[in-house]
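Below: the structure, in structure tokens.
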Amino acid sequence: MDAVLLILGIVLLIGAGDSLVRGAVALSLSLGIPAIIVSATIIAFGTSAPELIISVDAALSDAPGIALGNVVGSNIANVLLVLGLPALIAPIAGAGRDTHRSLWLMLGATALFAALMQGGVIWAWGGAALMAAAVFMVWDAVRQARSARSGPDYALRDQITELERVSPHMARWKIALLTLGGLALLPVGAHLLVEGARGIARELGVSEAAIGLTVVALGTSLPELATTVMAALRGRQEVALGNVIGSNIFNLTAIVGAAALASPLAVPAAIAGRDLWVMIGASLLLTPYVLFGRRIGRIEGAAWLALYAGFVYYAVTA
């Protein structure tokens, strides 16, 4: 039954997250909001909504291992799995100079998160600091994007409508159904997943943190993985690095911040002493590909997938 709850929770989260993103993007475009702002805010927030709801639900359910494991595991999976698998399909082009700033912001968010974890508990004030960082980074992303572009952004608008399967002319009742349906089902899916994960952890005799790092993190990373694989198949894998960096920033700031504001997060020793450093190492792997514009080729993709498989095995068996 725990496995059924977990699988049902993942299915609901993926479906509800996709529904919420499509509804919100269609509404934004129909209201005439610039596509660059939709890309930097609506899509970034929407695709991370499952992780957000899960971490808050886990914090309120006194399961900090799942809340923190979900974030740390998702950031590891975003680099090693979400970039590694598409790189096997087609090499991922190195990021341009526009991504340099995002990389430094991600590394700064990683340093702030790591510092807060060293106290053993992330209190509400730490959550507030992370939320403030999230607000600043979204404002900075929108400011940078608007200053870098001039005139109508029709090309980006067309790309968004294609990748998200939406139309700016979608009927309002359908937009409302997608948006409200996603908002209603997200907490249901999150609660089922958290309860199923806790039950599996008890039955297998492993820690909640290990389940959060692996099963929960992988489940919540599936939307990003599916989007990146589809972009690679369509020859648009160049957006992958920016998407992963943006997702990792949001995970470390807004998601952990919201969870800590909901309830103080006791940091499991295994995450602070081992998994945090794996996450930092995975983040640093991106540095040469962003700063020097190097491609992520098939060799790197295979190596990163092997590293991810080794991490999952070690997290569950250690």
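Here, each number is a calculation from the coordinates, and none is a lab measurement. All of these numbers come straight from a predicted model, not from anything done at the bench. Virtual Cβ from ideal backbone geometry, glycine too; neighbours counted across all protein chains shown.
The table that follows gives values for the structure above.
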| item | result |
| --- | --- |
| Whole-Hz couplings from phi, Karplus 6.51/-1.76/1.60, listed for the range 110-116; x for Gly and Pro | 5, 5, 5, 4, 4, 5, 5 |
| In Hz, Karplus ³J(HN,Hα) per residue of the range 69-81 (6.51, -1.76, 1.60; θ = phi - 60°; x = Gly, Pro) | x, 4, 6, 4, x, 5, 5, 5, 5, 4, 7, 6, 9 |
| Cut-off under 5 Å, modelled amide H: who pairs with VAL121 long-range | VAL267 |
| Burial ranking of peptide ranges 257-270, 290-303, 103-116, 14-27 (average Cβ count within 10 Å, highest at the top) | 14-27, 257-270, 103-116, 290-303 |
| Phi-based couplings in Hz for the range 130-142 (Karplus 6.51, -1.76, 1.60; Gly and Pro marked x) | 5, 5, 4, 4, 4, 4, 4, 5, 5, 4, 5, 5, 5 |
